[in-house]
Each structure stands twice: as structure tokens, then as C-alpha cells.
Amino acid sequence: MKQTKRIGRLEGHGLFTAFKVAQLRRGQGLSYAELARRTSGVLNELALRRIELLERRVDVDDLHRLASALQVHPSELLGFLVPGDDGELSRELDRLMALPESERFAILDAARLVDPPRAD
């Protein structure tokens, strides 16, 4: 079984961003290829997959491209409260962040928020 390389301790909003990108992409029925097209190819399929697998950080430029491609305000990808949010998302993030890192990754994998790696 292939081991995934996780970047150094991804915490707080960085972890939330990875979860949210995966959730929105899947919720909109987008493939990695379609989302890559929506970023004008700035983020390719591999980069998007690595973001969702917590193997790549999202910088500010990428954040804005992803928000535009996913048709959301950038703050939604950071976990900040937005109009209409009752705060449940932030409370859920707080609960998730209170868990040990290994448990957080297990929850991510169990929730299938990321697509399994493709066999090459």
C-alpha cells in the first residue's frame, strides 16, 4: 500500500481549507480535471489531489483561484464565519482540531473526503 506524504503539521485553517475544497468539489460533482480547467490550469489535477490529501499547502493566490473556481467567497475556504453560517462549521472544526493528528487523518480518510490515489 502506497504511503502518502503529509506536509508538516497542517493545522487550523489550512486543514479546514483542504477539507472544504474536497467537500465543495465533490458536492458540485466536479472531477479534478474540471476543477483544474476552472482554475485556468494554474492548479493542475495533481496539485488539486495533493491539496485534498494534505500533501500541499494552499497559498493566497491559489486560495483565490480555488474560491473563484468553486464559486464561493475565499473566506469560505478558510473557515471564517460567513453570512448565514450559524457557527456549526466553526464548532465542528474546533472539535476536529482538538483530536490528535492521527485521528484527524483517520476521520478524513473514513469520510472519503479525498479520492483514493489512482493506481498508475
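Read-outs: derived from the displayed coordinates by stated rules, not from any lab. All values reported here derive from a predicted model rather than from experimental measurement. Note that we place each Cβ from the backbone using ideal geometry, even for glycine, and neighbour counts take in every protein chain shown.
Shown for H13, H73: other C-beta atoms within 10 Å of each C-beta, ranked fewest to most, produce the order H73, H13.
Sort L99, L48, L53 by Cβ crowding within 10 Å, fewest neighbours at the top.
On the way: L99 12, L48 25, L53 22.
By the 10 Å Cβ count, ascending: L99, L53, L48.
Neighbour counts of other Cβ atoms within 10 Å put V60, V42, V72, V21 in the fewest-to-most order V60, V42, V72, V21.
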